[in-house]
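Since the structure comes first, as structure tokens, the remarks are kept for the end.
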């Protein structure tokens, strides 16, 4: 469902390109395949590892950690767990709902969701390849700090 | 052996799975369950992203990107970046190829950081889900705080010195020495209109595609 916009844009761009120049379209598609071939093995490796990590991290452990009475601890743990994993939004939100029902604090959840999507220890090898080490390190660390900040503000306001 | 080296991560993961399959198969089955949804999502999004990235690289004039997403694009550039990212689908790593293509065409650091961040965290399609599962108070508050935070992040990163972002990923044109990576953006006619005596000199002095675009008369 969420892919519809992206799919629509891709289709439109592709049609435009085909009409204007089938030759350049072919060249683009060849380049796209080359991009894919470069990225695919690494992404698969990352996904394999993250899936393994998720299957090891018990849901009870996560909700206990995120529901810890010590708000600072649970927020920090939320941020840490989120940084190491990546979960599709389709799963992340129902999961957060369950965690909330199981007692996870909203501060911890905010930190978790933000780092889950924005900070990726798992995706950093890929990010390094595209943007270099310095960019990757800075973007991820600053985003991590940002996530904590967001969680703190939410904790104050909610 | 070359092939294995490039796929180091994948090889290690597979070996790990095989070992665990023998010692503790339950973990592997659970993991495979998660893997299925990950792969499903990846397969839906990545091909589209690669096609769009390739089309951007082939068709979009650098001039256009520089003007709307370059370092001089101001508020408009920020707005476009936010919108681009929020229209997205898929996990953050899907943003990398596309954003990289935009960077090569002259998008500023500010723009690409905002695009990547909003791609990750502000997804219009996802907002509905978040509203449904976590409530409107949580969702709107999170968005309201996260958007300015993203802008701040972009600003901070844009103020930093040279990142050394590679312009060619393995598989692109042959890996010549890094200082020549900007050379492939240039016409190579040494016309001196940019103020440098050769294209190579401009390439050596450059620190981003945006810089090259703004100097070279053939690109701006």
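The values are calculated or read from the model by the stated rules, or taken from the named source; none is laboratory data. Since we're looking at a predicted model, the values are computed, not measured. Neighbour counts run over all protein chains shown; Cβ positions are idealised from the backbone, glycine included.
The table below gives the values:
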item: Residues of segment A:18-28 satisfying the condition of being surrounded by fewer than 19 Cβ atoms within 10 Å (Cβ to Cβ) and either within 24 Å of residue A:92 (Cα to Cα) or more than 7 Å from every other protein chain (Cβ to nearest Cβ) (or both); result: A:18, A:19, A:20, A:21, A:22, A:23, A:26
item: Residues located in segment B:70-100, provided they are more than 22 Å from residue B:125 (Cα to Cα), in contact with a helix residue (DSSP H, G or I) (Cβ under 7 Å, 6 or more places away or on another chain) and modelled with pLDDT of 90 or more; result: B:76, B:77, B:100
item: Failed condition for residue B:11, given (1) buried (at least 16 other Cβ atoms within 10 Å of the Cβ); (2) in a helix (DSSP H, G or I); result: (1)
item: Of all residues in segment B:90-112 being at the interface with another protein chain (Cβ under 9 Å from one of its Cβ atoms) and assigned to a loop (DSSP other than H, G, I, E, B), the one that is surrounded by the fewest Cβ atoms within 10 Å (Cβ to Cβ); result: B:90
item: In segment A:59-85, the residues that are under 19 Å from the mean Cα position of the chain (by Cα) and at pLDDT below 80; result: A:59, A:62
item: Of all residues making up segment B:117-146, the number that are more than 7 Å from every other protein chain (Cβ to nearest Cβ) and in contact with a helix residue (DSSP H, G or I) (Cβ under 7 Å, 6 or more places away or on another chain); result: 7
item: Residue count, segment B:49-64 (criterion: over 18 Å from residue B:119 (Cα atoms) and either facing chain A (nearest Cβ under 7 Å) or crowded, with 20+ Cβ neighbours inside 10 Å (or both)); result: 6
item: Hits in segment A:38-58 - residues which are over 17 Å from the mean Cα position of the chain (by Cα) and at the interface with chain B (Cβ under 7 Å from one of its Cβ atoms); result: A:38, A:41, A:55, A:56
item: Flag for residue B:46 being assigned to a helix (DSSP H, G or I) and surrounded by 13 or more Cβ atoms within 10 Å (Cβ to Cβ); result: yes
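Condition check ((1) surrounded by fewer than 24 Cβ atoms within 10 Å (Cβ to Cβ); (2) within 27 Å of residue A:122 (Cβ to Cβ); (3) without any contact (Cβ under 8 Å) to a residue 40 or more places away in the chain) across all residues:
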site	(1), (2), (3)
B:74	yes, no, yes
B:77	yes, no, yes
B:80	yes, no, yes
B:87	yes, yes, yes
B:114	no, yes, no
B:119	no, yes, yes
B:126	yes, yes, yes
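The rows are residues; the columns are (1) out of contact with any helix residue (DSSP H, G or I) (no Cβ under 6 Å at 6 or more places or on another chain); (2) buried (at least 23 other Cβ atoms within 10 Å of the Cβ).
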site: A:104; (1), (2): no, yes
site: A:111; (1), (2): no, yes
site: A:114; (1), (2): no, yes
site: A:121; (1), (2): no, no
site: A:128; (1), (2): no, no
site: A:132; (1), (2): yes, no
site: A:136; (1), (2): no, no
site: A:148; (1), (2): no, no
site: A:151; (1), (2): no, yes
